[in-house]
Amino acid sequence: MRTPQDTPRDTPGGTPEGRPRGTGKVREGHDGPGDAGQEGRGPRAGRAAALAARLESIPGGPDGRRMLWINLADKTGSGLWFSVTALYFVVVAGLSTAQTGLLLGLGGAAGVAGAPVAGRLADRLTLTRLLVAVQAVRAASGLLLLPFHGFWPLLPLVALGSLGERAAAVLTKLFAARVAGPRRAHYQAVQRTVVNLGYTLGGLVASAALALGTTSVYRLLLLGDSLSFVVVAILVARCGEPPSASRTVVARVPAGAPTGAPPTGSAASPAGTRARTSAPPPTAAGNPWKDGGYLGYVALDGLMFLHGSALTVGLPLWIVTRTNAPHGLAAAVFVVNTVLVVVFQVRLSRHARTPLAAANALRRVALWCLLAGAAVAVAVLHARWAAVLAVVAAALAFTVVEMIQSAVSWELSVALAPAHAQGAYVGVHGLAQAASRCVGPLLITSAVIAAGPAGWLALGATLALAAVAQRRMVLRRLRRTPPAGAGDPLSVPSVTVSEQ
């Protein structure tokens, strides 16, 4: 509270020095004249400024931040649907459990083609327009599920939705790589955090809604997922087209800029004119299917992605069928995974700041894979406390593998690709995770779990050897060919420009 002594005595018209009232210096620790009612706002203003500074530090500028909101909307909608997908087809569509499994399996297999097709198109067409079109396809496939019943009418719609999902994943990755530039590893970490938050929010809403247990609830959840794609398409349409080395990008110099000043995100150009940047046309060297080194990297990455099936499918089944740990711990595994990713993903992205750092981080991945496999194997101990500790340790180890390996994979899949064919290469890399999702659950259940503790030890050793082999392969390629992003327009500019 301000006291009379806190304010210098004034003359009737102002301060003793003749300055207008309210312009004099104020003693440190006090608000200026007229601000007495604003006491207590300092901490709030400081927090707001800190939050604004943190948002500004996110790579990619306004479009990079907008894409994070797009991911949040997308994954929140997906969380609504993923939680009830199988139940919807049984309860609402009237399929049997066997038909539902076959429907999702065939639809998922058809969706594998979405990644390479989208990547190839991204090198030739406008990325943002492609994303809008893909989100429209996803929305249409979801809405058309509502009136249809029966296996055969639903199969093409499920396949179309799966195709759109894989295509959207590749296109979103390419947008992030282009807009974030050399800081793409940090951006990927922030994006993964947002994705996990979205899935969590959607899953919580779906869990609460399922308590009602009516068919109308299932339909509303599907409707919410479909409408989220409409929102995403609208937001994507507001994003600028990021620079690409595979197409001519056009930017206009701002009015009033001095002659010779370079336009945003392009080479120097006289004021009022348009500057163009383009790369040499794709050659045979730009075909990922003829690049044995990159295909070898993708194959090993597909093997590495088995850690996802081990955590989400293998570990819960192992807890319930082979250990004395409480069955509720199977659900807690997902909580541990989500919390750790949200808290530590950005911090661990430092292991993939550069292609060389990403390659060397694979040694850490190998070590954590060995620890994860050993921890699951030890969980068969009879003592309940020992089983619980082993399961928690395994969940922790697999989550660390996920966080580091995802950042490494994201960085290397972009950096090892030639700039003029980055879309095609990243699209082919998308097959690694898609194939792992298809084959992983069957491999984990029929081979790893069936073999008992030895199976988990073998899985950990196999993943570790794959990480070591991948590191050697990447280092050889980096020595032979400089990574993309050392000066090409795909990696350097931190802003986007408009394309004509």
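Numbers at a glance
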read-out: Residue within segment 334-341 that is more than 23 Å from Val194 (Cβ to Cβ), in a helix (DSSP H, G or I), of a type in the set (A, V, I, L, M, F, W, C) and out of contact with any His (no Cβ under 9 Å at 6 or more places or on another chain) present; value: no
read-out: Residue among Ala136, Ala93, Ala86, Ala159 that is assigned to a helix (DSSP H, G or I), assigned by TED's automatic domain parsing to the domain that holds Val179 and either in contact with a His (Cβ under 6 Å, 6 or more places away or on another chain) or surrounded by 17 or more Cβ atoms within 10 Å (Cβ to Cβ) (or both); value: Ala159
read-out: Whichever residue in segment 84-136 is closer than 24 Å to Arg238 by Cβ and basic (Lys, Arg) and, among such residues, is modelled with the highest pLDDT; value: Arg129
read-out: Filter result for Tyr187 (among the aromatic types (Phe, Trp, Tyr), under 16 Å from Gly79 (Cβ atoms) and in a helix (DSSP H, G or I)); value: no
read-out: Test for Arg479: is it among the charged types (D, E, K, R) and in contact (Cβ under 8 Å) with a residue 40 or more places away in the chain; value: no
read-out: Residue in segment 409-431 that is crowded, with 23+ Cβ neighbours inside 10 Å, under 18 Å from Ala299 (Cα atoms) and among the charged types (D, E, K, R) present; value: yes
read-out: Matching option when the condition is farther than 26 Å from Leu125 by Cβ, of a type in the set (A, V, I, L, M) and modelled with pLDDT under 90, among Val439, Val474, Val468; value: Val439
read-out: Test: residue in segment 378-390 that is assigned by TED's automatic domain parsing to the domain that holds Ala450, surrounded by 24 or more Cβ atoms within 10 Å (Cβ to Cβ) and in a helix (DSSP H, G or I); value: no
read-out: From the options Leu143, Leu104, Leu174, residue that is touching a residue at least 24 places away in the same chain (Cβ under 8 Å) and crowded, with 20+ Cβ neighbours inside 10 Å; value: Leu174
read-out: Extreme residue, modelled with the highest pLDDT, among residues of segment 214-266 that are over 27 Å from the mean Cα position of the chain (by Cα) and hydrophobic (A, V, I, L, M, F, W, C); value: Val217
read-out: Options Ala330, Ala325: the member that is outside any helix (DSSP H, G or I) and among the hydrophobic types (A, V, I, L, M, F, W, C); value: Ala325
read-out: Number of positions in segment 113-127 that are of a type in the set (A, V, I, L, M, F, W, C), part of a loop (DSSP other than H, G, I, E, B) and buried (at least 19 other Cβ atoms within 10 Å of the Cβ); value: 0
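The values are calculated or read from the model by the stated rules, or taken from the named source; none is laboratory data. Quantities reported herein were computed from a predicted structural model and do not represent experimental measurements. In this analysis, Cβ positions are derived from the backbone assuming ideal geometry, glycine residues included, and neighbour counts consider all displayed protein chains.
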